[in-house]
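Asker: Here's a structure for you.
Laboratory data are not the source of any read-out in this text; all were calculated from the coordinates shown. Source: prediction; values computed, not measured. So basically every Cβ, Gly included, is an ideal-geometry build from the backbone, and we count neighbours across all protein chains shown.
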Amino acid sequence: MKPRSSAPGDKNIVGANTLRIRKEKNLKQKDLLARMQIQGIEISATGLSQLEGQYRKATDFEILAISESLNVDVMELLRRDILE
């Protein structure tokens, strides 16, 4: 098994913003997962962790569910300026 780098991946912008917003709202990963699952998005804790770490791409359905689950506009998840 190859060791995981502490640096974030480069597969998405959504993941870093999801992590930031989730932490700002003091929401645990398991709570975000539950909210997404209520909307019919089947994502595991590992999948969400990989998405937040920018190691996997987010689907359009996941982006909508994250937006609704965190009660933010989709564009907030796509903002690049906050990451720089």
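Asker: State the volume of the convex hull built on the alpha-carbon positions of the chain, expressed per residue in Å³ and rounded to an integer.
Answerer: 97 Å³
Asker: Among residues other than LEU64 whose Cβ falls under 13 Å from its Cβ, what is the net charge (Lys/Arg +1, Asp/Glu -1)? Intermediate results must be reported in sequence, preceding the final value.
Answerer: On the way: positive: ARG35; negative: ASP60, GLU62, GLU68, ASP73, GLU76.
Summing Lys/Arg as +1 and Asp/Glu as -1 gives -4.
Asker: Further question on the same structure: So, in the chain, how many Lys pairs have Cα atoms under 22 Å apart, if the pair is 8 or more places apart or on different chains?
Answerer: Count of close lysine pairs: 7.
Asker: For the chain, what does the relative contact order come out to in percent, with C-alpha contacts under 8 Å and a separation of six or more?
Answerer: On the way: 87 pairs, mean separation 35.2, N = 84.
The normalised contact order for the chain reaches 42 percent.
Asker: What full-extension length gain, to one decimal in nm, is calculated for PHE61 and LYS23 as 0.36 nm per residue of separation minus the Cα-Cα distance?
Answerer: 11.5 nm
Asker: Helix-only estimate, please: 222 nm mean residue ellipticity of the chain, summing -39500 (n - 2.57) across DSSP H runs of length 4 or more and dividing by its residues, to the nearest 500. Don't jump to the answer; show the numbers that get you there.
Answerer: Values: 5 runs with 44 residues, N = 84.
Taken over the chain, the calculation gives -14500 deg cm²/dmol.
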